[in-house]
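**Q** Provided herewith is a single structure, encoded as structure tokens, for subsequent inquiry.
Here, each number is a calculation from the coordinates, and none is a lab measurement. Note that the coordinates shown come from a computational prediction; the quantities given were computed from them, not determined experimentally. Because the Cβ atoms are built from the backbone with ideal geometry, glycine has one as well, and the counts that use them run over all protein chains shown.
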Amino acid sequence: MVVGAATSLEPEIRRVGKALSEGFPSHRGNPLKVLDDRAMDLAAQDAELRAALFRFVDVVPACRSLDDLAAHLTSFLGEVHAQPPSLRAAMRIGDTKAGRAALGAAGAAGVRRMAHRFIVGEDPQAALPTLRRLWRDGIAASVDLLGEATVTAEEADRYAARCAQALDTLAAAYARMDEQPLLERDASGPLPRANLSVKVSALTPLLRPEAPERGQRDAAPRLRALLRQAKQLDAHLHIDMESLDTREAVLELVLDLLAEAEFADGPSAGVVLQAYLRDSPQTLDTILEWADRTPRALPLVVRLVKGAYWDHEVVEARQHGWSVPVFERKGDCDANFEALTARLLEARPLVRVAIASHNLRSVAHAIARNRLLDGEPRDVEFQVLRGLGDDLGRALAASGLRVRSYCPVGDLVAGMAYLVRRLLENTANESFLADQAHGVPLEQLLAPPETST
Amino acid sequence: MTTLPPFRNEPVLELRRATERSKLAVGLGELRLPLKVPVWIGREQRFGDELVSTDPGRPERIVALAAAASAEEADAAVATAQAAFGRWAATPVHERAAALLRAAAWMRERRASLAALALRECAKPWPEADADVCEAIDFLEFYARGALELQDPDGSQLLQVPGERNELRYVPRGVCAVIAPWNFPLAIPTGMTAAALATGNTVVLKPAEQAPGCGMRIVEALRAGGVPAAAIALLPGGGETGAALARNPAVATIAFTGSGPVGLELLRSAAEVAPGARQLTRVVAEMGGKNCIVVDSDADLDEAIPAIVESAFHYAGQKCSAAARVLAHEALHDALVERLAGAVAGLQVGPADDFGTDVPPLIERDAQQRVQRYAAIAGESGEIVTGEHDVPGEGWYVAPVVAAGLPPDSRVLREEVFGPLLTVESVRDVDEAMDRIDGLPVALTGGLFSRNPRTVQRVIERSPVGNLYINRSTTGAMVGRQPFGGNRLSGTGTKAGGREYLLHFVEPRVVTENTVRHGLVV
């Protein structure tokens, strides 16, 4: 990193971060309390308990009865060594049939309540009231359709059909909403209102890490149809990134399709860059070189994220004896996030930039960096996750920044895997939200990342 | 020798990266075929072409031309190994271990070309061929360390009282005949051979008749590593060669991996004490299975389906660990069958050298016909839920098949098919599934998908299998992590890649010395 530039940014980062944190709604204060369940607070402190709760959340959809639910719950909790008194009481309730029914009902209700904070509706139609409210509050959205894993061609077709329907629903609904000038135009031109995030792993059952072309070939027709539809509806299509096993397949597929002549003048589309990957700077090279030689009416949107598959990547690499592809120290990852932020902002207008982070420091850095580069607020987007980053999103919107909320839509059954990942992220040891919730001083939260080199 | 670093598995290639994939393609390009494989006893080589191994995906492509060892040659090989035994047994264990480690290094330097050979000779798709080389290296590294530990005098656990000194030592048994299969053409023969050599036995290796080329590479590696030529012979050949070895009274140990009938025949013939024999023949046998995966009602099908597909269809189901039966809770049986059938419909049947291939050809025409026969039986008495499949015309390909609704007494539910044929049964609950599994005479691997810790515990207690896998695929056992081997008629209860495996290749000897002289402890 260029030390001089970084140092001169620091006062501005602190100023921006402080202003943002003051914009957090004081009545909630603590983002962890958003998960009103006391269980989450407990879970954050006890690894065994956390494991038990996650396993329970994970299995809820497969349970056939309240009795079955309670049997699972007590079975998981039975493996926790240091049981808080409330859990011991729950275990005793599980000894009788009536008790199990009550316990099962309470457990299921708890999980459902938690799920509703993250999942905005069973389908796009049901999500519309929330999406309208967000829009009115100056926050755009990207809808993500949750579902079962795709293991068959029929399931891939079903997911593609759901995406098509969602595009229709969203485009029609957003067309009737009032103007929000900040959300609708940046220096590169108009920004579509309707925005859908899709997963290539759901568009094909044939993603093979060692044979990316198989999944690409199979997903291409489905993705191409969605791109055509998005273009016709003037909607934005964002292609999510998943684990490293599928990165090559996903990135190549998207860049190849978008380079096809029919997509030169639309739709607006985007990809994701995962800053936790050690080789993410090279991936950004690939993206920028592509953008440079592929003129499009609407620049590619690059959403910069930390990455949500950290545990998976570490475990997979360790089991195979591979070098771990992700940064193992939070400071290194944060520093890379900032370096990529800088490169992306400097690469405009070749690409549009979306900074998707709940880390106050990363966000403040992006804002400060944008100012340093004389960028306008509308020329960088900030993305937050529904249910986790709501306060940050509101604070950003209140300070005149362009914000988009990533909104999962789908039934609770299919959404559980997503939910578990979000919960894990939120209670992880090095979670920014957990730090913030547990009163780590603002100065420390806004300090430059400590790197290992 | 200085102390060795702790064992770690040789990492498989990270084939999700294009750079790694291209390394393997180079290995294939450099492969010069056909190989000429001799009967190789001491320094004597006799070449021939009585045995021909071909590419199962393109049978006119000859991979190796091999001499087939006659009964006389088998006896000569055993005699040579017998003569070399005393010296190899007396070689200090750390020198024997060092030779194995150098053989491992030899293989490590040739990973791509060895994988390419396994790919061509046995139609192992790239990831599996690479894993086969890695496992061969693992066995060499693991047993080298194991032999050193076995000779560690501090490891003796005998009680000591004043006035006597007790010592337990392990000594090699003599000549070991290794009779190897083709389905892990590098790993399994290397494993059995390395175990015997590490502990001081000499070896006559008979590779599978379908894989003489791979067998030759193993012997080259060991000799290049410093194993004396007389201590490791290569004896390509068919069943008669194996039978000749088994009959020879000078063979002290038979290490066998292969089919049940052959294994049982070896056990029978080994039990006959030949006139003039001075030792009982020990048989270490790994045989077949009928491996079952139980899916309880609370299983996550998103994870179970891909794991079942991998277990049943990777390498066209030609692994002793492959899943043959799924026993699914009635609550999700229908959903499972539908999703499984859909997933199998997407599998690509094709040549092993295509990275996109899911199901490669079977090893030979007989295997192809056998699987087709069983599929026909399954179709007559039950329902084939998978549809038509594009299958290349040339080569020993068969389409992957899922059959459901078979009668409980169906042969297809009991006999080992050893191919891409999977059956699904509906069960009332996990206990019924366990009853059915308990009715089988074989017990190699098993699987369970359940998210209830109590169910998991119950199945662990009831399962008879040698290797039980919970919430994952049933294949891919790793040296040192999942010591592998079956119970009941699946094998002699040994665990390849486990610490106790070497004990089958040695004899324990106990020495007790009286240390009292004239009433004094000296």
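**Q** Using DSSP, restrict attention to beta bridges with both residues in the protein assembly as shown and report what percent are antiparallel, rounded to the nearest 5. Don't jump to the answer; show the numbers that get you there.
**A** Details: 29 of 107 bridges.
Of those bridges, close to 25 percent are antiparallel.
**Q** Further question on the same structure: Take every Cα-Cα distance within chain A, group them into 20 Å bins from 0 onward, and report for each bin the whole-number percent of pairs it holds.
**A** Whole-percent P(r) values from 0 Å outward: 24, 58, 17, 0.
**Q** Once Rh for the stretch B:291-470 is found with the Kirkwood sum over Cα pairs, what is the Stokes-Einstein diffusion coefficient at 10 °C and 1.306 mPa s, in µm²/s? Walk me through the numbers before you get to the answer.
**A** On the way: Rh = 16.3 Å.
In µm²/s, the coefficient is 98.
**Q** Which ³J(HN,Hα) values in Hz, rounded to whole numbers, follow from the phi angles of the stretch B:278-283 under the Karplus curve 6.51 cos²θ - 1.76 cosθ + 1.60, where θ = phi - 60° and Gly and Pro get x?
**A** Computed from phi, the couplings for the stretch B:278-283 are 10, 6, 7, 7, 9, 10 Hz.
**Q** If you don't mind, another one. Under 5 Å between amide hydrogens, which residues at least 5 positions from B:Phe449 or on another chain qualify, with H placed 1.01 Å from N in the peptide plane?
**A** B:Val294, B:Val295, B:Asp296, B:Asn471
**Q** Further question on the same structure: Could you pull out every residue, at least 5 positions away or on a different chain, whose amide H is within less than 5 Å of the one on B:Val326? Hs are placed 1.01 Å off N in the peptide plane, and Pro or chain starts have none.
**A** Close amide H contacts, sequence-distant or interchain: B:Ile293, B:Thr423, B:Val424, B:Glu425.
**Q** Tally the DSSP beta bridges in chain B and give the antiparallel ones as a percent, rounded to 5.
**A** Values: 26 of 70 bridges.
Just about 35 percent of them are antiparallel.
**Q** Another question, then. Roughly how many whole Å is it from the C-alpha centroid of the stretch A:274-331 to that of the stretch B:1-39?
**A** 28
**Q** How many angstrom lie between the Cα centre of the stretch B:189-211 and the Cα centre of the stretch B:253-317?
**A** Rounded to whole Å, the Cα centres lie 18 Å apart.
**Q** Taking every pair of alpha-carbon atoms in chain B, give the share separated by more than 46 Å as a whole percent. Let's see the in-between values first.
**A** Numbers: 18457 of 135981 pairs.
Tail fraction, whole percent: 14.
**Q** Then there's this: How big is D, in µm² s⁻¹, for the protein assembly as shown by Stokes-Einstein at 10 °C and 1.306 mPa s if Rh is the Kirkwood radius over C-alpha pairs? Spell out each step's value before the answer.
**A** On the way: Rh = 31.2 Å.
Diffusion coefficient, whole number: 51 µm²/s.
**Q** How high is the relative contact order of chain A, given as a whole-number percent (alpha carbon pairs under 8 Å, six or more residues apart)? The partial results should precede the final answer.
**A** Values: 718 pairs, mean separation 100.7, N = 453.
About 22 percent, as a whole number.
**Q** May I pose another question? Pairs of Cα atoms under 8 Å, at least six residues apart: use those to get the relative contact order of the stretch B:250-300, whole percent. Numbers along the way, then the final one.
**A** Details: 47 pairs, mean separation 24.1, N = 51.
Relative contact order comes out at 47 percent.
**Q** For the stretch A:339-393 and the stretch A:223-241, write down the distance between their C-alpha centroids in whole Å.
**A** Cα centres, the stretch A:339-393 to the stretch A:223-241: 23 Å.
**Q** Mean Kyte-Doolittle hydropathy of 0.5 or higher plus an axial Cα length of 15 Å or more: which whole DSSP H helices in chain A meet both? List each step's numbers first, then the result.
**A** Numbers: long enough: A:3-22 (28 Å, -0.11); A:47-59 (18 Å, 0.85); A:66-77 (16 Å, 0.82); A:97-118 (32 Å, 0.02); A:124-136 (17 Å, -0.52); A:153-175 (33 Å, -0.07); A:212-233 (30 Å, -1.14); A:247-258 (17 Å, 1.18); A:280-293 (20 Å, -0.66); A:310-320 (16 Å, -1.42); A:330-347 (25 Å, -0.17); A:360-372 (18 Å, 0.05); A:412-427 (22 Å, 0.67).
Span-like helices, by this rule, are A:47-59, A:66-77, A:247-258, A:412-427.
**Q** Suppose a student asked you for the relative contact order of chain B, using Cα pairs under 8 Å spaced at least 6 residues apart; what percent would you report?
**A** On the way: 1212 pairs, mean separation 89.4, N = 522.
Worked out over chain B, it gives 17 percent.
**Q** Can you pull the percent of Cα pairs in the stretch B:1-59 with separation above 14 Å?
**A** Numbers: 1314 of 1711 pairs.
Here the tail beyond 14 Å accounts for 77 percent of pairs.
**Q** Go through the stretch B:86-93 residue by residue and turn each phi into a ³J(HN,Hα) via Karplus (6.51, -1.76, 1.60, θ = phi - 60°); whole Hz please, and just put x for glycine and proline.
**A** These are the phi-based 3J(HN,Hα) values: x, 6, 5, 5, 7, 5, x, 4 Hz.
**Q** Oh, and also: Assigning unit charges at the beta carbon (Lys, Arg +1; Asp, Glu -1) and nothing else, what dipole magnitude in debye, to the nearest 20, does the protein assembly as shown show about its Cα centre?
**A** Numbers: 106 positive and 127 negative charges, 285 e Å.
It works out to roughly 1360 debye.
**Q** How big is the stretch A:235-283 in terms of Cα radius of gyration and Dmax, in angstroms?
**A** My reading of the Cα-based Rg and Dmax gives 11.8, 34 Å.
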